[in-house]
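The values are calculated or read from the model by the stated rules, or taken from the named source; none is laboratory data. Bear in mind the structure is a predicted one, so any value in this text is a computation, not a measurement. So basically every Cβ, Gly included, is an ideal-geometry build from the backbone, and we count neighbours across all protein chains shown. Protein only, heavy atoms only, side chains kept; ligands, DNA and RNA dropped before computing areas. Shrake-Rupley method; radii C 1.70, N 1.55, O 1.52, S 1.80 Å.
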Amino acid sequence: MSDVVMRPLRFTADVAAMRAFLETLGLRSRIESERGGWVDMLTGRGMVALHDAASSSTGGQPGQTNLSFEADKLDELKERLEQVGFVDATVFDEAYGRVLSVSGPEGVVIWVDERSDDLYGYKLHDASPDDRWSVTPYLTGADEAPWQRFLGALGVQTPVHFGPADGDFAVRLDLTTTEDLDDVQARVGGSRTESGLEIQDPDGQLVVVHG
């Protein structure tokens, strides 16, 4: 796994249902909390984290998706961000591990969790990601040029889709696959559009799978 990995965070009213939905698409569960309120899932490029909205300490609402990341060495990442002008990058300790926060374009606060070998309270699965799948979020309310600069500073290689730049910043959980979309549609339903396969997830949110 590379140093910095895209890992959108979905707050959900039903972790089990969202997990089953994403596993049916092709994602693989890697780590889950023993209490059942958290699971992160792998693709060939990128990850998705699921968090029980009811237990969120930050007020996350069901169906809300935040842009977040996972990295190996936060101190090195902090230094790299500061060198290119993101001077408020801060590393601190949470109960579950070390975290970096930094203000991205338009003042959007981005969180990067440090990978940890301490799995107390969590279960690790022997997950083999399906290399045909990638996590490719769709951002709205985001000016593409500064966001691409920010993602480059992070060292993220995963493509991101950009929608209209006006309005509030928002993240949609989009995926890209080389699997035949007819086969994907046979598993999960949805409707085909010019963008790809549009599906409603268990939180009632639109997910687009790009071919």
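Confirm whether R98 is touching a helix residue (DSSP H, G or I) at 6+ places or on another chain (Cβ under 9 Å), among the basic types (K, R) and at pLDDT below 95.
Numbers: touching a helix residue (DSSP H, G or I) at 6+ places or on another chain (Cβ under 9 Å): yes; among the basic types (K, R): yes; at pLDDT below 95: yes.
So R98 passes the test.
Does the range 162-205 hold any residues that are of a type in the set (A, V, I, L, M, F, W, C) and more than 25 Å from A145 (Cα to Cα), and which are they?
Applying the first criterion (of a type in the set (A, V, I, L, M, F, W, C)) to the range 162-205 yields 162, 165, 169-171, 173, 175, 181, 184, 186, 188, 197, 199.
Residues satisfying the conditions are L181, V184, A186, V188, L197, I199.
So how many residues does the range 106-121 have that are buried (at least 18 other Cβ atoms within 10 Å of the Cβ) and farther than 15 Å from E70 by Cα?
1
In this structure, does G152 turn out to be touching a residue at least 12 places away in the same chain (Cβ under 8 Å) and either under 19 Å from G63 (Cα atoms) or of a type in the set (G, A, S) (or both)? Step through it out loud before you land on a result.
On the way: touching a residue at least 12 places away in the same chain (Cβ under 8 Å): no; either under 19 Å from G63 (Cα atoms) or of a type in the set (G, A, S) (or both): yes.
In short, no.
(1) in a helix (DSSP H, G or I); (2) at pLDDT 95 or above; (3) touching a Gly at 6+ places or on another chain (Cβ under 8 Å); (4) not aromatic (F, W, Y): which one isn't true of E106, the others all being true?
(2)
Within the set of pairs 6+ apart or on separate chains, which have a first residue in the range 186-203 that is within 19 Å of T65 (Cα to Cα), a second that is exposed (fewer than 13 other Cβ atoms within 10 Å of the Cβ) and modelled with pLDDT under 95, and C-beta atoms under 6 Å apart?
Matching pairs, first to second residue: none at all.
Tell me whether the range 164-185 contains one or more residues that are modelled with pLDDT of 95 or more, among the aliphatic types (A, V, I, L, M) and surrounded by fewer than 12 Cβ atoms within 10 Å (Cβ to Cβ).
No, the conditions are met nowhere in the range 164-185.
Among the residues of the range 87-95, are any among the aromatic types (F, W, Y), touching a strand residue (DSSP E or B) at 6+ places or on another chain (Cβ under 7 Å) and buried (at least 19 other Cβ atoms within 10 Å of the Cβ)?
Keep residues of the range 87-95 that are among the aromatic types (F, W, Y), which gives 92.
Those left that are additionally touching a strand residue (DSSP E or B) at 6+ places or on another chain (Cβ under 7 Å): 92.
Then keep just the ones that are buried (at least 19 other Cβ atoms within 10 Å of the Cβ); that gives none.
No.
Looking at the range 54-64, is at least one residue out of contact with any Asp or Glu (no Cβ under 7 Å at 6 or more places or on another chain), over 12 Å from L173 (Cβ atoms), modelled with pLDDT of 95 or more and open to solvent by less than 20 Å² (accessible area, probe 1.4 Å)?
No, the conditions are met nowhere in the range 54-64.
Among (1) in contact (Cβ under 8 Å) with a residue 40 or more places away in the chain; (2) open to solvent by 40 Å² or more (accessible area, probe 1.4 Å); (3) under 19 Å from L139 (Cβ atoms), there is one condition T158 misses while meeting the rest; what is its number?
Among (1) in contact (Cβ under 8 Å) with a residue 40 or more places away in the chain; (2) open to solvent by 40 Å² or more (accessible area, probe 1.4 Å); (3) under 19 Å from L139 (Cβ atoms), the lone unmet condition for T158 is (2).
If a residue counts only when it is at negative phi and out of contact with any Leu (no Cβ under 6 Å at 6 or more places or on another chain), which strands (runs of 3 or more DSSP E) contained entirely in the range 1-99 have at least 3 such residues?
Details: elements: 4-6, 9-12, 28-33, 38-42, 47-52, 68-71, 90-94.
Because the criterion is at least 3 residues that are at negative phi and out of contact with any Leu (no Cβ under 6 Å at 6 or more places or on another chain), the strands (runs of 3 or more DSSP E) in the range 1-99 that meet it are 28-33, 38-42, 47-52, 90-94.
Test of understanding: among R7, R19, R45, which residue is basic (K, R), touching a Ser or Thr at 6+ places or on another chain (Cβ under 6 Å) and crowded, with 20+ Cβ neighbours inside 10 Å?
Values: R19 fails: touching a Ser or Thr at 6+ places or on another chain (Cβ under 6 Å); R45 fails: crowded, with 20+ Cβ neighbours inside 10 Å.
Going through R7, R19, R45 in turn, the sole match is R7.
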